[in-house]
Amino acid sequence: MKKFITTVILASVSGLAVAADFASLEVDRVRDTKTRAESNAQYLRAGKDVAGLQLGLQARTQVWHQGGMVNSLEGTVGKQVGAVNVFGGVGYDNGYNGAKNGNFEYGVVGASTGMKLGSVYAFGGAKTRVNWESANPKQTLAFAGVNVPLNKTFSVDVSASKSYQDIQERAAGLALRVAF
C-alpha cells in the first residue's frame, strides 16, 4: 500500500515538469563529515503554485569520487503560513548503486522561509525524512542561500546545507533557475 501511495503521489506531482512555474538545475560539492568522502550531487527541481499550494518535485543524483551513486526522487506539497512555507511529501531512494533490497520509500516534512534583501532573495529552512522502516537512514537537513536574479527569466542560487543524523554531510551548491 505504501508503494502504491508513493507512486500515485509522485506520478501526480511529476506533471509539474510540463507546466512548472520554475525549474532549476543545481550542482553541489558534498563532503561526508564522518568519513570525509567527497561527492558531487546534481538536483533537478521544478515547482508550481496551484490553488494556494506549492507543488514541488526534486530528482537528485549523488556520485562519490571514489565510486558509487545514489538516486532519489521527492514530491512535496506546501502551504504558505505567514512568512513560512510548511511542506510535506514522499520520496523514493534507489539505495547505494541500486543494490537489491537497498531502495526504500520515505516521507518528508519541513519548513522554509525567505526575504528580499536589496536585489537578492535570501532563503533558509530545514527538512527531515520520516522513515516508515526503522532500518532506513535518518536525515535532517538545514539549508540556506541566496537567489540572485540575472533578468526576468533567469537567476542563480548560491546555497549551503548540512545534514544530521545517520547521513552527515556538508554541501555548497550553485544552481541556475528558470522562471516560466
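Could you check which residue among N131, N97, N85 shows the biggest mean-square fluctuation in a GNM of the chain with a 10 Å Cα cutoff?
Looking only at N131, N97, N85, the largest GNM fluctuation is found for N97.
Spin-label point model (7 Å from Cα, Cβ direction): what's the E133 to D21 distance in nm?
Between E133 and D21, the label points sit 3.6 nm apart.
Which aspartates and glutamates, if any, have their Cα less than 14 Å from the Cα of K116, not counting same-chain residues under 8 positions apart?
D157
Would you tally the net charge around T113, using a Cβ to Cβ cut-off of less than 14 Å, leaving T113 out, and scoring K and R as +1, D and E as -1?
Value of the local net charge: +3.
Per 0.36 nm of contour for each residue apart, how much would the distance between A111 and D32 grow if the chain were fully extended, relative to their Cα-Cα spacing?
Working: separation 79, 0.36 × 79 = 28.44 nm, distance 2.38 nm.
Full extension from A111 to D32 adds 26.1 nm.
Work out, step by step, the length gained on full extension between A144 and H65: first 0.36 nm times the residue separation, then minus their alpha carbon distance; give nm to one decimal.
Separation in residues times 0.36 nm, less the Cα-Cα distance, equals 25.9 nm.
Using the basic label-point model (7 angstrom from Cα toward the beta carbon), what is the V178 to V50 distance in nanometres?
With each label point 7 Å from Cα toward Cβ, the separation is 2.1 nm.
Tell me the carbon and sulfur percent of the accessible area for the chain, rounded to whole percent, probe radius 1.4 Å.
64
Considering only the other residues whose Cβ falls under 10 Å of the Cβ of Q42, what net charge follows from Lys and Arg at +1 and Asp and Glu at -1?
On the way: positive: R60; negative: E26, D28.
The answer is -1.
The values are calculated or read from the model by the stated rules, or taken from the named source; none is laboratory data. Values in this document were obtained by computation on a predicted structure and should not be read as measured data. We place every Cβ from the backbone using ideal geometry, glycine too, and count neighbours over all the protein chains shown. Heads up: the accessible areas ignore ligands, DNA and RNA and are worked out on the full protein's heavy atoms, side chains in. Shrake-Rupley method; radii C 1.70, N 1.55, O 1.52, S 1.80 Å.
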